[in-house]
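Notes for the one structure printed next.
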Amino acid sequence: MSHEECIFCMVLRGDIPGERIYEDDYAVAVMDINPWTRGHAVVFPRKHAANLFEIEDEELEHVAVAAKRVATKMRETLGCDGVNLLQSNGKVAWQTIFHLHVHVIPRYEGDPLQLPTRPQPAKPEELAEVAKEIRGDA
């Protein structure tokens, strides 16, 4: 996807509307047009990066701080009981817009949003084997 076709780049350019709730020199937050809960927003960098693997560390730091600021403001103004942050990388991980973004999802006691699955316990030897692979000492 080119920058011209990227929906978040289009919002940044003003080509399409976006209900902005936060912005600074590095990041912007807009209301999600398909909200999972009341107040659901997305935070994304002004500089295009398709995903976590392409964004520069400094840019990512600014996005993380912006997400925290948005979540804090939601807690103060919307009275939510909690907040989920969701950031996906790659189609298999549910990424649908290939401009890095963080969903900031206010949670309310009794809201209908649920995890699509429940964590399952792992055997200690399986955890140890995967940890060795990740560390590179396998």
- Using Cα positions and a limit of under 29 Å, work out the lysines in reach of residue 132, with same-chain residues fewer than 8 apart set aside. 91, 123
- Taking the alpha-carbon centroid of each part, what is the distance from segment 104-138 to segment 16-59 in angstrom? 25 Å
- Report the Cys residues of the chain lacking a disulfide-compatible partner, meaning no second Cys Cβ under 4.7 Å from their Cβ. 80
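Treating only the Cβ of Lys, Arg, Asp and Glu as charged (+1, +1, -1, -1), what charge dipole size does segment 12-138 show about its Cα centre? Round to the nearest 20 debye.
Numbers: 15 positive and 21 negative charges, 81 e Å.
Roughly 380 debye, rounded to the nearest 20.
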- Please calculate how many Å² of accessible area the chain carries per residue, with a 1.4 Å probe and no DNA, RNA or ligand atoms counted. 68 Å²
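Can you tell me which of 40-49, 94-103 comes out highest on packing, and rank the rest after it, using the mean Cβ neighbours within 10 Å? Could the numbers behind the result be given before it?
On the way: 40-49: 21.6, 94-103: 18.8.
By packing density, highest mean first, the sequence is 40-49, 94-103.
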- Kindly express, to the nearest 10 degrees and within the range 0 to 90, the angle between helix 124-135's C-alpha long axis and the longest C-alpha principal axis of the chain. 60 degrees
- Item | Binned Cα-Cα distances of the chain, short to long, each 5 Å bin given as a whole percent | 2, 9, 16, 19, 17, 14, 10, 7, 4, 1, 0
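The values are calculated or read from the model by the stated rules, or taken from the named source; none is laboratory data. Note that the coordinates shown come from a computational prediction; the quantities given were computed from them, not determined experimentally. Note: ideal-geometry Cβ built from the backbone for every residue, glycine included; neighbour counts use all protein chains shown. These area figures cover heavy atoms from the full protein model, side chains too; ligands, DNA and RNA do not enter into them. Shrake-Rupley method; radii C 1.70, N 1.55, O 1.52, S 1.80 Å.
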